[in-house]
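A.B. asks: Below you will find the structure I want to go over with you.
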Amino acid sequence: MSFQKPRLMTGTRATGELHIGHYFGTIKNWIAMQPDYECFIGSMDWHGMTTAYKESRSVKEWNRGVIANLIAWGIDPEKTTLFIQSRVPEVLELSMIFANLTPMGWLERVPTWKDAIEEAKASDTHNLGRFSYPVLQAADIAIFRGEKVPVGADQVAHLELSREIIRRTNSLYKTRIPEPQPVLTETPVVPGLDGRKMSKSYGNAISLNEESTTLSKKIRGMPTDPARMRREDVGNPANCNVFSYHKLVSSEEDKTWVVKGCTTAGIGCGDCKGRLAENLNKLLEEPRNRQKDLLNNPKLLDSIIAAGCEKASLEARKTLVEVKEKMGI
Ligand code: SF4
């Protein structure tokens, strides 16, 4: 089966509010790709629940927030199929089919699982769902016959596992599911406010819905170059997380102003942080208002979500019917 534009499948785990790390790491790429691909983008709540299963009552709200955010930042539901994973139940059936033909060894070798074992045990998420997450991921792509998947260079190996599972299915059952190809994207890692990985659980994230007052407060509290103890000390922006944020959101002129001012003690850290807060707020303001408008109009948002899920389910059913027919079940 061929599509007018290559079909691209991707999504984001629904585990709470999206933050600026999501925007710079993924959403920005999706917006840029939208004209060139037939996109399926999901709020992946089953994936979210592999770790957030105790917060299941928040999942509905997270899904709505994710979809509203995506639309507010520029994903057009008229062009892109925006859906919620748990409202496309066919994916779980395909995932079960895939689970049976995926050797345990393939999953045990996944580096992210090996790295996460200790943390998973400590957080009570050392569970089958999290372990078998790559199987569900393969099903997510296959159910929509995704031909392309946007990934950073460090994630190509993960996609290879999906490709292996799909290849095995095609070989065993003579199905014709496309083997997804990676679309390499720039995925800058945005550090959290404290320099660690940005995560809701570390309390170091800037939400895409961050209001200007809390935004300024959070930025004011950011650690700076430790060599710059006093206003008259010179600093080095390369050793300062505030500058990594400037690199993402500020103009060339502002970045030059920071470098010059910091290395000559011409500006104080307060000035530097103030400019960053202003620039970041400028970036967030319009999408934040659009997201609010959508959340305040539940009828409209629900109808967009329902239409997207229906379209996604329709496509998913076609794949599932074909696979089951070929399997003879
Ligand atoms: Fe960091 Fe800016 Fe202070 Fe330099 S002036 S140490 S870049 S906050």
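Read-outs: derived from the displayed coordinates by stated rules, not from any lab. Please read all numbers here as calculations on a predicted model, not as lab measurements. Glycine also receives a Cβ, built like all others from the backbone with ideal geometry; neighbour counts cover every protein chain displayed.
A.B. asks: Need one number: nm distance between label points at LYS292 and MET104, each 7 Å from Cα along Cα→Cβ, rounded to one decimal.
C.D. replies: Taking the simple label geometry, LYS292 and MET104 are separated by 5.3 nm.
A.B. asks: Given the options ASP293, ASP45, ASP233, which has the most mean-square fluctuation in a GNM of the chain, springs set between C-alpha atoms less than 10 angstrom apart?
C.D. replies: Highest fluctuation among the options: ASP233.
A.B. asks: Taking 28 Å as the cut-off for C-alpha to C-alpha distance, list the pairs among LYS121/LYS217; LYS54/LYS114; LYS114/LYS324 that go past it. Mind dumping the intermediate values first?
C.D. replies: Working: LYS121/LYS217 34 Å; LYS54/LYS114 23 Å; LYS114/LYS324 33 Å.
In this structure, LYS121/LYS217; LYS114/LYS324 lie more than 28 Å apart at Cα.
A.B. asks: In the structure displayed, which of LYS60/LYS299; LYS5/LYS326; LYS200/LYS273; LYS5/LYS299; LYS200/LYS247; LYS148/LYS247 lie more than 20 Å apart, Cα to Cα?
C.D. replies: As for pairs spanning more than 20 Å Cα to Cα, those are LYS5/LYS326; LYS200/LYS273; LYS5/LYS299; LYS200/LYS247; LYS148/LYS247.
A.B. asks: Under 19 Å from the Cα of LYS292, which aspartates and glutamates turn up, not counting those fewer than eight places away in the same chain?
C.D. replies: Correct list for LYS292: GLU17, GLU61, ASP76, GLU210, GLU211, ASP302.
A.B. asks: Add -39500 (n - 2.57) for each DSSP H run of 4 or more in the chain, then divide by its residues: what number comes out at 222 nm, to the nearest 500 deg cm²/dmol?
C.D. replies: Numbers: 14 runs with 178 residues, N = 329.
Roughly -17000 deg cm²/dmol at 222 nm, from the helical runs in the chain.
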